[in-house]
1. Restricting attention to region 32-50, and to residues there that are surrounded by 13 or more Cβ atoms within 10 Å (Cβ to Cβ) and of a type in the set (V, I, T), which single residue is modelled with the highest pLDDT?
2. Could you check A84 against (1) in contact with an Asp or Glu (Cβ under 8 Å, 6 or more places away or on another chain); (2) surrounded by 14 or more Cβ atoms within 10 Å (Cβ to Cβ); (3) over 28 Å from L236 (Cα atoms) and say which number it fails?
3. Any residue in region 198-213 that is farther than 24 Å from L333 by Cβ, among the polar types (S, T, N, Q) and either more than 27 Å from the chain's Cα centre (by Cα) or assigned by TED's automatic domain parsing to the domain that holds R293 (or both)?
4. Residue check: is E334 surrounded by 12 or more Cβ atoms within 10 Å (Cβ to Cβ), outside the structural domain of Q273 (by TED's automatic domain parsing), charged (D, E, K, R) and more than 30 Å from L243 (Cα to Cα)?
5. Need pairs with beta-carbon distance below 6 Å; first residue acidic (D, E) and within region 220-246, second in a strand (DSSP E or B); sequence gap 6+ or separate chains.
6. Name the single residue, out of those in region 194-222 being in contact with a strand residue (DSSP E or B) (Cβ under 6 Å, 6 or more places away or on another chain) and crowded, with 22+ Cβ neighbours inside 10 Å, that is nearest to T306 (Cα to Cα).
7. Given the condition within 22 Å of G347 (Cα to Cα) and either among the polar types (S, T, N, Q) or free of Cβ contacts under 8 Å to residues at least 12 places away in the same chain (or both), answer yes or no: does some residue in region 208-218 qualify?
8. Looking only at region 323-345, which residues are among the small types (G, A, S) and either free of Cβ contacts under 8 Å to residues at least 12 places away in the same chain or assigned to a helix (DSSP H, G or I) (or both)?
Amino acid sequence: MKLYSGHVVKRGKSYRGIIELGRDANGKRPRITFTHRIKREADAELARRLNELNMGLRITSSKMTTADYLARWLRDYASTNVSAKTYQRYKQIVEKNIVPALGHYHLASLTPLQIQDFYSWALTHGRSKGVGDGLSPRTVLHFHRVLHKALGQAVRWQLLNHNPADAVEPPKVQRAEMKYLASDETARLLRELDSTPYYLPALIASCTGMRRGEVLGLRWSDVDLDGKCLYVRRSLMQTDDGLTFKSPKSRKGRRIDLGDSVLRELRRHKARQAENRLALGASYQDNDLVVCRDDGSACKPDTFTTAFRSYVHRRGFNISFHSLRHSHATQLLERGINPKVISERLGHANISITLDIYSHVTPTMQEEAASVFDSMLDEAMRRVGEAG
């Protein structure tokens, strides 16, 4: 088998890699060339390309830059395969962060070292205000996830032989401390919110564990007051293009059973909403929404979140609206409810996600399990002893 060889030469302020491919059928001597500003990057690419050639792998000869590819990935993949909100976030990260740092490299020449250097720079200089003013590890981890996903698609599209981001170590991120309320604190919060626009959405979230968008997107047609349950079938989200509804995060709807307290409030709210509809007449926007503005129009999720947080902070609660979801799950776990049931109420794809997120509760559950089993064993040993 023919083994290929190559070398790196200095050209002005850059370094050029050259791989000779021998003579073709026309007697010409085709070659692969690439250029880097740093010699170690040119050496690394030369080694990688020679390895691929000598292993019989295809070499991408396209001159497509990483910026060109990412623009196409956004257009042809992300825009049709993720939600509008996720696409907006991907686009912002690509255009504002990844392309300025890596976009000038040819896609086929992009190396793990270049990506790693980008992450290191972002962690120390990412805010463009000097050393020590870098971005958080969590933010840079988001960069890595987007870039890794995009380059993975390039492999599937056969533009790359492998994903260079596979060999890059993203920054380690410590899980943020989860904020949640005990049952007494939840009761105090709801008392503070009584007679405010925040009361019903907070009650629903506290009693069901629904996400903000799911609460704001809930329709009366999704609520079965007689059956004492509701169905999560969509979520309201806010993008640069306005408000829109999407399928739940788990991609499928779910049923959540309701207790009497939230059912009573839903019935009262439905009656008040009907009175308001009559009072406003033609100016009322009948969107069938459970939680909405006085004129029936949808609440803007981001505006709602900011206003809710500001209101409860002034009353001594250092939480966000999402904390009510965590509170619901934590309180149920502490009371011994089967994690599988809680996972279904929250809409998690599987129970392992629930147990991982709420691992702060499991030590207590382990202690209780050990105590219960110990009591059971002691009782069984006593019965056996008496029988003997």
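1. Among them, the one singled out is I38.
2. All conditions are met except number (3).
3. The answer is no; no qualifying residue exists.
4. no
5. If the second residue must be in a strand (DSSP E or B), the pairs left are D222/L230; D222/Y231.
6. Here the residue is L216.
7. For region 208-218, residues within 22 Å of G347 (Cα to Cα) and either among the polar types (S, T, N, Q) or free of Cβ contacts under 8 Å to residues at least 12 places away in the same chain (or both): present.
8. Result: S323, S327, A329, S343.
The values are calculated or read from the model by the stated rules, or taken from the named source; none is laboratory data. All figures in this text were calculated on a predicted structure; none of them were measured in a lab. We place every Cβ from the backbone using ideal geometry, glycine too, and count neighbours over all the protein chains shown.
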